[in-house]
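*Asks:* One structure, as structure tokens, below. Some questions next.
The values are calculated or read from the model by the stated rules, or taken from the named source; none is laboratory data. As the structure is a computational prediction, the values presented were derived from the model and not from experiment. Cβ sites come from the backbone with ideal geometry, for glycine too, and all protein chains shown count toward neighbours.
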Ligand code: ADP
Ligand code: ZN
Ligand code: ZN
């Protein structure tokens, strides 16, 4: 044995690959000072090089030392990732059943996880020197916190250790002010402290970012979301990692931002579905934020007007401290406090081109008074399907088990799931009939109806189609703020966070699809959306109305909504979940398979289930493994999809089975793609 060899040491390194948690590499004395836990490094892998992260150091390797290759380079131009960060990503990997590296590497900005070139040190310095993005100087309204706001702020800043809070406050009750003051006091108390503020969507960040920059002029505020250019994101991440940024505001991916002095976490609109990742490792940023606060022993506040039933149940059980803001600020306690909700029964008032008579009247009256209206319809396009009345032909997507939607501006049929686009046929492809008909309502058709109804009004539409161009959404929203728009029609995108001053009428069209959904979370989501949309009315104290056009006017959900009684609604929902043994009372995971045929997908899941019952009978005995079934969207982009629901009364039981069972499934090379989702939100 040569002397050089005896001086070798070993490191465990994680890389972005499924399967093995960590790989062994060696390094010699020349690298010894630079290879530390948390340091990123370049390692040979197969024939290529990869960036990995050192997670352990050892004197003896765990495998045959002759098979071990040396670390190529330690990337210590940037300080190592902290133990806390490694713990957080490791927890995430274990909880969501993926390899550590599959969580940790993708959590870094591209510049920190790609193999660097020769001028790496320069590029890092350039990132450090990048000027923070400019922002429009905005006026900072100086407000005096109300008594309920003050007590919420106090609760947060005096909390010590891990202290989860649920801030339950109606829309317009001033939750943002609570967040900002709690952050301000935390940063004042400790000159190095950092704060993390999570928001569900990017289109909320510019507003909030400039508010934060205005409120914290001396502190470095950075935004992190997936719409940033690579260099911008890397610069923001580095500023946070090096403690120069004191406040990070970002979407779900920001939950993994390296923040060595993180001292308070805020999750705004904590109930919002975008906190759950839709691909790759399906983590919940809300849940991980709570875990992160627990690991760090710092306070966290989850805020919402309609908390998720998960968080509500935690508060009811006393595990989260409940803070309440029951009144809208600045509106006194008069009738303007709450817009009146009226149900328009579509069976009694049949809609004409999508709008029933009472709604048309209300829109006309509002326009006559010089006030603004919002019309909310959760369906983009002109008509959800085109049909031939002669033979019954329907505009199916050729690749998915769904309809292609009619888009009028360019006369196309488009699948909203796979992106398939084709011109609308001139005649029925089956029988040649030339009278094809668009059935049902989308935002484009309602826009057309509104223009015909109110020819003098300025009508604008906001949905994913109208906002494809960069900044289109914020321009349109600015026009509404400036009072240049009389009627705004749109999807979900208009429901959120925008503080329109002159809106006195909110119209909700056709929420019926969600009421009839088989997903047990549909009512919870609908209630949240409707509360949020109706919260857009009467912000400035104008007497306001919310009109809901539905065929199910007697549904109990509407009664609770009319009373603005989330607590009662949540209680009733929780009782139902309890009776039916569903989350958050029980714990679920979803095994999904994608194959060329439905049979193959189902067969894979059946085999997987049999395997659990046969090989892991003891662990599986605590678990309910349901029959594999086709997913609700059975075919997507030419692929058949099936799912197997797994449920347990205790989380630990669920994870005990998942750990051993999925490891066994991974060992056998499957001929199809499968995935596991822990705590699925959609079934
Ligand atoms: P929420 O996030 O709960 O929906 P916001 O934080 O957006 O509510 O507050 C609604 C409006 O009330 C904002 O325009 C905000 O500037 C204003 N506001 C908040 N707190 C106060 C206060 N204490 N005094 C006066 N205005 C306030
Ligand atoms: Zn036909
Ligand atoms: Zn499709």
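*Asks:* Kindly indicate whether residue 375 is within 16 Å of ligand 3 (Cβ to nearest atom), closer than 22 Å to residue 512 by Cβ and modelled with pLDDT of 95 or more. First the steps, then the outcome.
*Replies:* Details: within 16 Å of ligand 3 (Cβ to nearest atom): no; closer than 22 Å to residue 512 by Cβ: yes; modelled with pLDDT of 95 or more: yes.
Spelling it out, it is not the case that residue 375 is within 16 Å of ligand 3 (Cβ to nearest atom), closer than 22 Å to residue 512 by Cβ and modelled with pLDDT of 95 or more.
*Asks:* Kindly indicate whether residue 669 is out of contact with any helix residue (DSSP H, G or I) (no Cβ under 7 Å at 6 or more places or on another chain), over 27 Å from residue 398 (Cα atoms) and free of Cβ contacts under 8 Å to residues at least 24 places away in the same chain. It would help to see each step written out before you state the result.
*Replies:* Values: out of contact with any helix residue (DSSP H, G or I) (no Cβ under 7 Å at 6 or more places or on another chain): yes; over 27 Å from residue 398 (Cα atoms): yes; free of Cβ contacts under 8 Å to residues at least 24 places away in the same chain: yes.
Considered against the rule, which asks whether it is out of contact with any helix residue (DSSP H, G or I) (no Cβ under 7 Å at 6 or more places or on another chain), over 27 Å from residue 398 (Cα atoms) and free of Cβ contacts under 8 Å to residues at least 24 places away in the same chain, residue 669 comes out as yes.
*Asks:* Tell me, yes or no, whether segment 624-640 has at least one residue that is in a helix (DSSP H, G or I) and more than 24 Å from the chain's Cα centre (by Cα).
*Replies:* Checked segment 624-640: no residue is in a helix (DSSP H, G or I) and more than 24 Å from the chain's Cα centre (by Cα).
*Asks:* Quick test of your reading of the structure: residue 405 fulfils all but one of (1) within 16 Å of ligand 3 (Cβ to nearest atom); (2) farther than 30 Å from residue 640 by Cβ. Name the failing condition by number.
*Replies:* Status for residue 405: all satisfied but (2).
*Asks:* Still on this structure, I have one more. Against the condition surrounded by 14 or more Cβ atoms within 10 Å (Cβ to Cβ), more than 14 Å from residue 380 (Cβ to Cβ), without any contact (Cβ under 8 Å) to a residue 60 or more places away in the chain and within 14 Å of ligand 2 (Cβ to nearest atom), how does residue 429 come out, does it pass?
*Replies:* The answer is no for residue 429.
*Asks:* While we're on this one: Report yes if residue 657 is farther than 25 Å from residue 420 by Cβ and either within 25 Å of the chain's Cα centre (by Cα) or surrounded by 18 or more Cβ atoms within 10 Å (Cβ to Cβ) (or both), otherwise no. Show your work before the answer.
*Replies:* Numbers: farther than 25 Å from residue 420 by Cβ: yes; either within 25 Å of the chain's Cα centre (by Cα) or surrounded by 18 or more Cβ atoms within 10 Å (Cβ to Cβ) (or both): yes.
When the stated conditions are applied, residue 657 passes them.
*Asks:* So, one more: Do we have residue 388 as touching a strand residue (DSSP E or B) at 6+ places or on another chain (Cβ under 9 Å) and within 16 Å of ligand 3 (Cβ to nearest atom) here?
*Replies:* no
*Asks:* Scan segment 401-411 for residues that are in contact with a helix residue (DSSP H, G or I) (Cβ under 8 Å, 6 or more places away or on another chain) and not in a loop (DSSP other than H, G, I, E, B) and report the count.
*Replies:* Going through segment 401-411 one residue at a time, the tally reaches 1.
*Asks:* Further question on the same structure: Does segment 133-151 contain at least one residue that is touching a strand residue (DSSP E or B) at 6+ places or on another chain (Cβ under 8 Å), closer than 22 Å to residue 195 by Cβ, at pLDDT 95 or above and surrounded by fewer than 16 Cβ atoms within 10 Å (Cβ to Cβ)?
*Replies:* Yes, there is a match, as at least one residue in segment 133-151 is touching a strand residue (DSSP E or B) at 6+ places or on another chain (Cβ under 8 Å), closer than 22 Å to residue 195 by Cβ, at pLDDT 95 or above and surrounded by fewer than 16 Cβ atoms within 10 Å (Cβ to Cβ).
*Asks:* Scan (1) touching a helix residue (DSSP H, G or I) at 6+ places or on another chain (Cβ under 6 Å); (2) at pLDDT below 95; (3) under 25 Å from residue 286 (Cα atoms) for the single condition residue 620 breaks and write down its number.
*Replies:* (3)
*Asks:* When you check residue 541 against the structure, is it buried (at least 24 other Cβ atoms within 10 Å of the Cβ) and closer than 29 Å to residue 329 by Cα, yes or no?
*Replies:* Answer is no for this residue.
*Asks:* Right, another one. Could you check residue 251 against (1) closer than 19 Å to residue 79 by Cα; (2) surrounded by fewer than 24 Cβ atoms within 10 Å (Cβ to Cβ) and say which number it fails?
*Replies:* For residue 251, the failing item is (1).
*Asks:* Related question: Might you let me know whether segment 376-386 holds any residue that is at negative phi, within 16 Å of ligand 1 (Cβ to nearest atom) and assigned to a loop (DSSP other than H, G, I, E, B)?
*Replies:* no
*Asks:* If the requirement is being more than 16 Å from ligand 2 (Cβ to nearest atom), free of Cβ contacts under 8 Å to residues at least 24 places away in the same chain, closer than 30 Å to residue 361 by Cα and part of a loop (DSSP other than H, G, I, E, B), which of these qualifies: 455, 398? Give the steps one after another, and end with the answer.
*Replies:* On the way: 398 fails: closer than 30 Å to residue 361 by Cα.
Only one candidate passes the filter, namely 455.
*Asks:* Another question, if that's okay. Within the group 523, 543, which residue is part of a loop (DSSP other than H, G, I, E, B) and in contact (Cβ under 8 Å) with a residue 24 or more places away in the chain? Before you say what the answer is, go through the steps one by one.
*Replies:* Numbers: 523 fails: part of a loop (DSSP other than H, G, I, E, B).
The match here is 543.
*Asks:* Let me ask something additional. Right, residue 634: within 16 Å of ligand 3 (Cβ to nearest atom), more than 20 Å from residue 92 (Cα to Cα) and surrounded by fewer than 17 Cβ atoms within 10 Å (Cβ to Cβ) or not?
*Replies:* So residue 634 passes the test.
*Asks:* When segment 168-200 is examined, which residues are found to be in a strand (DSSP E or B), out of contact with any helix residue (DSSP H, G or I) (no Cβ under 6 Å at 6 or more places or on another chain) and over 23 Å from residue 258 (Cβ atoms)?
*Replies:* 168
*Asks:* Can residue 443 be described as surrounded by 14 or more Cβ atoms within 10 Å (Cβ to Cβ) and under 20 Å from residue 532 (Cα atoms)?
*Replies:* Yes, satisfied.
*Asks:* Condition test on residue 56, is it modelled with pLDDT under 95, in contact with a strand residue (DSSP E or B) (Cβ under 6 Å, 6 or more places away or on another chain) and within 30 Å of residue 664 (Cβ to Cβ)? I'd like the intermediate steps shown before the answer.
*Replies:* Numbers: modelled with pLDDT under 95: no; in contact with a strand residue (DSSP E or B) (Cβ under 6 Å, 6 or more places away or on another chain): yes; within 30 Å of residue 664 (Cβ to Cβ): yes.
It is false that residue 56 is modelled with pLDDT under 95, in contact with a strand residue (DSSP E or B) (Cβ under 6 Å, 6 or more places away or on another chain) and within 30 Å of residue 664 (Cβ to Cβ).
*Asks:* I need a count of the residues in segment 293-319 that are under 21 Å from residue 160 (Cβ atoms) and either surrounded by 19 or more Cβ atoms within 10 Å (Cβ to Cβ) or within 23 Å of the chain's Cα centre (by Cα) (or both).
*Replies:* Of the residues in segment 293-319, 12 are under 21 Å from residue 160 (Cβ atoms) and either surrounded by 19 or more Cβ atoms within 10 Å (Cβ to Cβ) or within 23 Å of the chain's Cα centre (by Cα) (or both).
*Asks:* Please go through segment 575-597 and give me each residue that is surrounded by fewer than 18 Cβ atoms within 10 Å (Cβ to Cβ) and assigned to a helix (DSSP H, G or I), ordered by number.
*Replies:* 575, 576, 578, 579, 580
*Asks:* What is the number of the single condition among (1) surrounded by fewer than 20 Cβ atoms within 10 Å (Cβ to Cβ); (2) in contact with a helix residue (DSSP H, G or I) (Cβ under 6 Å, 6 or more places away or on another chain) that residue 79 does not meet?
*Replies:* (2)
*Asks:* Inspect segment 412-425 for any residue being surrounded by 19 or more Cβ atoms within 10 Å (Cβ to Cβ), in a loop (DSSP other than H, G, I, E, B) and away from ligand 3 (no atom under 16 Å from the Cβ) and give the result as yes or no.
*Replies:* No - not one qualifying residue is present in segment 412-425.
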